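Colleague: Okay, here's the structure, questions in a sec.
The values are calculated or read from the model by the stated rules, or taken from the named source; none is laboratory data. Worth saying up front: this structure is predicted, and the values here are computed from it rather than measured. Glycine gets a Cβ as well: all are built from the backbone with ideal geometry, and neighbour counts include every protein chain shown. Just so you know, the surface numbers come from the protein's heavy atoms only, side chains and all, with ligands and any DNA or RNA stripped out. Shrake-Rupley method; radii C 1.70, N 1.55, O 1.52, S 1.80 Å.
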Amino acid sequence: KNQVEQSPQSLIILEGKNCTLQCNYTVSPFSNLRWYKQDTGRGPVSLTIMTFSENTKSNGRYTATLDADTKQSSLHITASQLSDSASYICVVSAVGEYGNKLVFGAGTILRVKS
Amino acid sequence: GAVVSQHPSWVICKSGTSVKIECRSLDFQATTMFWYRQFPKQSLMLMATSNEGSKATYEQGVEKDKFLINHASLTLSTLTVTSAHPEDSSFYICSARDRGEARYEQYFGPGTRLTVT
């Protein structure tokens with residue numbers, strides 16, 4: 001069964017600190033893995049997308065890693081800001097006959113406080 | 001980047017009435033659009049896949065007669081919640097796949113908050 005598990009479920013950090021969010025998946029056949037940021041009451045916004053051959057990708061203060069062998073990914077946020085408070089969703093795309101299908105993790109709720 | 005809009009952004013309706021939500025791809029053509037539902041503190045759940053010019057494909061457990069989907073053009077899909085009940089109150093999000101891009105890219109709309117009283 002295709003599944004995506006994220007940890008921790010929630011996290012509180014002080015402004016300026018770094019943090020790392022984890023994602024483990026059992027999705028096959030694998031197409032790509034993406035991280036989204038979802039602010040409360042808004043749609044998800046793409047942060048990074050990685051294919052099988054990529055093991056790291058950065059977008060500003062966000063750096064995602066992918067280990068396709070162990071089926072693990074992480075999202076590292078550097079020098080956190082109050083505006084980073086949001087839900088971070090790991091999404092793995094599975095190859096499908098009629099196009100790829102997305103498998104969503106439950107998300108990690110991050111709260112950055114001053 | 002590709003932009004997907006939704007209208008309305010929020011709606012309150014009375015139990016038993018129907019509500020239509022629009023999803024538009026503003027600067028690209030989308031042969032496929034997806035409708036998701038999200039309950040508080042939960043992740044997105046795919047409701048249906050909508051292909052332009054054909055019938056939508058619904059996920060298991062989603063009533064097709066209750067959630068009517070129309071994808072009449074390459075830039076517009078609509079979701080109509082018929083005979084809405086309070087348990088239909090949720091955050092509805094659409095996404096669109098750009099026909100001109102690799103098969104794996106989807107762009108999400110900002111969501112529509114539906115409250116049924």
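Colleague: Can you name the residue in the range A:31-53 that is β-branched (Val, Ile, Thr) and within 11 Å of A:Ala64 (Cβ to Cβ) and, of all such residues, is least open to solvent (accessible area, probe 1.4 Å)?
Modeller: A:Thr48
Colleague: Further, regarding this structure: Looking at the range B:5-17, I want the residues that are within 14 Å of chain A (Cβ to nearest Cβ) and have a partner that is open to solvent by 100 Å² or more (accessible area, probe 1.4 Å) and modelled with pLDDT under 95 with Cβ atoms under 8 Å, at least 6 apart or on another chain. Which pairs are those?
Modeller: So the pair list comes out as B:Ser5/B:Leu26.
Colleague: Report, by residue number, each residue of the range B:26-47 that is aliphatic (A, V, I, L, M), open to solvent by less than 60 Å² (accessible area, probe 1.4 Å) and closer than 23 Å to A:Thr40 by Cα.
Modeller: Start the filter on the range B:26-47 by keeping residues that are aliphatic (A, V, I, L, M), which leaves B:26, B:30, B:33, B:44-47.
Subset that is open to solvent by less than 60 Å² (accessible area, probe 1.4 Å): B:30, B:33, B:44, B:46-47.
The answer is B:Met33, B:Leu44, B:Leu46, B:Met47.
Colleague: Then there is this: Right, A:Leu66: part of a strand (DSSP E or B), out of contact with any Lys or Arg (no Cβ under 6 Å at 6 or more places or on another chain), closer than 20 Å to A:Ser28 by Cβ and away from chain B (no Cβ under 14 Å) or not? So that I can check it myself, show each step before the final result.
Modeller: Numbers: part of a strand (DSSP E or B): yes; out of contact with any Lys or Arg (no Cβ under 6 Å at 6 or more places or on another chain): yes; closer than 20 Å to A:Ser28 by Cβ: yes; away from chain B (no Cβ under 14 Å): yes.
When the stated conditions are applied, A:Leu66 passes them.
Colleague: Quick check: anything in the range A:98-106 more than 11 Å from chain B (Cβ to nearest Cβ), outside any loop (DSSP other than H, G, I, E, B) and closer than 25 Å to B:Ser90 by Cβ? If you could, list the steps in order and put the result at the bottom.
Modeller: Looking only at the range A:98-106, we keep the residues that are more than 11 Å from chain B (Cβ to nearest Cβ), and these are none.
No, the range A:98-106 contains no residue that is more than 11 Å from chain B (Cβ to nearest Cβ), outside any loop (DSSP other than H, G, I, E, B) and closer than 25 Å to B:Ser90 by Cβ.
Colleague: Given the criterion under 14 Å from the mean Cα position of the chain (by Cα), farther than 12 Å from A:Leu75 by Cα, open to solvent by 50 Å² or more (accessible area, probe 1.4 Å) and more than 9 Å from chain B (Cβ to nearest Cβ), identify the matching residue among A:Ser28, A:Ser10. So that I can check it myself, show each step before the final result.
Modeller: Working: A:Ser28 fails: under 14 Å from the mean Cα position of the chain (by Cα).
Criteria check complete, one pass: A:Ser10.
Colleague: Which condition from (1) farther than 23 Å from A:Gln38 by Cβ; (2) in contact (Cβ under 8 Å) with a residue 24 or more places away in the chain; (3) surrounded by fewer than 20 Cβ atoms within 10 Å (Cβ to Cβ) is the one that B:Glu63 breaks?
Modeller: Unmet condition: (2).
Colleague: Looking at the range B:25-51, which of the residues that are among the charged types (D, E, K, R) and within 13 Å of another protein chain (Cβ to nearest Cβ) is nearest to A:Ile109 (Cα to Cα)? So that I can check it myself, show each step before the final result.
Modeller: Step one: of the range B:25-51, the residues among the charged types (D, E, K, R) are B:27, B:37, B:41.
Going one step further and asking which of them are within 13 Å of another protein chain (Cβ to nearest Cβ), we end up with B:37, B:41.
Values: B:Arg37: 18, B:Lys41: 9 Å.
Among them, the one singled out is B:Lys41.
Colleague: Without any contact (Cβ under 8 Å) to a residue 60 or more places away in the chain, over 25 Å from B:Ala2 (Cα atoms), more than 14 Å from chain B (Cβ to nearest Cβ) and of a type in the set (Ser, Thr, Tyr): does that describe A:Thr20?
Modeller: yes
Colleague: Which of the residues spanning the range A:74-97 are open to solvent by 20 Å² or more (accessible area, probe 1.4 Å), within 14 Å of chain B (Cβ to nearest Cβ) and either polar (S, T, N, Q) or in a strand (DSSP E or B) (or both)?
Modeller: A:Ser87
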